[in-house]
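Visitor: Take this structure, written in structure tokens, and hold onto it; I'll ask about it next.
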Amino acid sequence: MLIGVYCIVCDVCVVPGGRFEIPVCRLVEDRIVVDVDSSMEFHCIASGTPEPQIEWSRPGGARLPSHAVIQNGYLRISRVRREDQGEYICIALNAAGQAEVTGTLIVREGELATLVCVFCTFYLIGLYRMVQKAGLPGFLYQK
């Protein structure tokens with residue numbers, strides 16, 4: 001009679017009365033780019049036996065932002081700040097072991113707004129020139 005824990009190379013452990021599988025995890029998106037003051041979420045999906053618990057951390061033991069919310073495998077940050085940029089680690093753990101996967105958050109600061117503003121300026125200049133060439137009644141811009 002064999003008594004004890006027997007682990008097979010394929011990450012499955014068999015113990016008296018049960019079976020354990022080392023967790024496997026993945027992120028739905030592993031790179032997220034957002035603007036300052038917008039919201040974001042990482043979603044970590046994990047499997048294993050027993051069902052793994054999901055935790056979130058940052059490299060080197062850095063703290064998660066105080067405005068981050070963790071729930072059901074999600075890490076949500078509303079009103080993203082510049083200092084929230086960086087890597088976030090999803091850790092899936094159970095009695096058989098643990099797995100982790102890293103996601104990267106990139107925070108843009110006003111780049112998109114500047115691009116839109118430049119586009120609108122060129123569009124209005126082009127529209128003004130078309131109106132002038134067509135001899136149509138123009139428009140007046142006042143400050």
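The values are calculated or read from the model by the stated rules, or taken from the named source; none is laboratory data. What you see is a predicted model; the values in this text were computed from it and never measured. Glycine also receives a Cβ, built like all others from the backbone with ideal geometry; neighbour counts cover every protein chain displayed.
Visitor: Can you tell me which residues in region 49-106 are without any contact (Cβ under 8 Å) to a residue 60 or more places away in the chain and of a type in the set (S, T, N, Q)?
Guide: Once the filter is applied, which keeps residues that are without any contact (Cβ under 8 Å) to a residue 60 or more places away in the chain and of a type in the set (S, T, N, Q), region 49-106 yields Thr49, Gln53, Ser57, Ser66, Gln71, Asn72, Ser78, Gln85.
Visitor: Right, another one. Quick check on my filter: what residues within region 86-98 are surrounded by fewer than 16 Cβ atoms within 10 Å (Cβ to Cβ) and either touching an Asp or Glu at 6+ places or on another chain (Cβ under 7 Å) or in a loop (DSSP other than H, G, I, E, B) (or both)?
Guide: Here is the first cut: in region 86-98, the ones surrounded by fewer than 16 Cβ atoms within 10 Å (Cβ to Cβ) are 86-87, 95.
Ala95 - this is the single residue of region 86-98 that is surrounded by fewer than 16 Cβ atoms within 10 Å (Cβ to Cβ) and either touching an Asp or Glu at 6+ places or on another chain (Cβ under 7 Å) or in a loop (DSSP other than H, G, I, E, B) (or both).
Visitor: Would you tally the residues in region 40-83 being exposed (fewer than 14 other Cβ atoms within 10 Å of the Cβ), touching a Lys or Arg at 6+ places or on another chain (Cβ under 7 Å) and not in a strand (DSSP E or B)?
Guide: So the answer is 1.
Visitor: While we're looking at this one, here's another question. Are any residues in region 14-35 modelled with pLDDT under 90 and in a strand (DSSP E or B), and if so, which ones? Before you say what the answer is, go through the steps one by one.
Guide: Residues of region 14-35 that are modelled with pLDDT under 90, as a first pass: 14-19.
Residues satisfying the conditions are Val14, Val15, Gly18, Arg19.
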